[in-house]
Amino acid sequence: MIFTFLCLFGVEGGGIEFIEKTVQLFEEAGAEVFIIELEAALSTRLARNQTENRLLHKFTKRDIAASEANLLETAEQYRTHSLPGELPYPNYLRLDTEGRSAADSADAICRHFNWSTRLVEQ
């Protein structure tokens, strides 16, 4: 299972606690957990916010003005990337997606974890 969310680091209840609880839940059920932190420049995130795929699959992005305002406000008020050592998980990767397509990012993730199959179809 793969899911994504925006983590607000340094904010009580902002995400670290969610990550810890989620990892614990899945590990207790016998699952192996992989944490992949994606990062890109704000300008890139704003451009991606309006792509056809994102608008098709994320209904909250369809009001582009509101979605862009939310993205800008979040970037201004919160830290959305971890500090070194803040996510101390053995299966952790921080990946700069700047200039990468979704398929390129998926390939980089697969190479990092030595996975033989791509997780994202083109």
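What follows is calculated from the coordinates using simple rules that are stated; it is not laboratory data. These numbers were taken from a predicted model, which means no experiment stands behind them. Cβ atoms come from the backbone with ideal geometry, glycine included; neighbour counts cover every protein chain shown.
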In debye, nearest 20: dipole of the chain around its Cα centre with unit charges on the Cβ of K, R (+) and D, E (-)? 380 debye
Per-pair calculated FRET efficiency, R0 = 41 Å: Ala65 and Val33 via Cβ, rounded to 0.05: 0.65
Does the chain come out rounded, prolate or oblate by the C-alpha gyration tensor, with a ≥ b ≥ c the root eigenvalues, rounded set by a/c under 1.5 and, if not, prolate when a/b is larger than b/c and oblate if not? oblate
In percent, how large is the relative contact order of the chain, given Cα pairs closer than 8 Å and 6 or more residues apart? 29 percent
Would the range 51-106 count as rounded, prolate or oblate if I go by the C-alpha gyration tensor, calling it rounded below 1.5 in a/c and otherwise prolate when a/b exceeds b/c, oblate otherwise? oblate
Assigning unit charges at the beta carbon (Lys, Arg +1; Asp, Glu -1) and nothing else, what dipole magnitude in debye, to the nearest 20, does the range 75-118 show about its Cα centre? 160 debye
Loop-only GluC sites (Glu not before Pro) in the range 39-122, please: DSSP not H, G, I, E or B, and at most 16 other Cβ atoms within 10 Å. Glu86, Glu98, Glu121
If the chain between Leu42 and Leu93 were fully stretched, how many nm would it gain, using 0.36 nm times the residue separation less the Cα-Cα distance? 16.4 nm
Residue-averaged 222 nm ellipticity for the chain, from DSSP H runs of 4+ at -39500 (n - 2.57), nearest 500: -12500 deg cm²/dmol
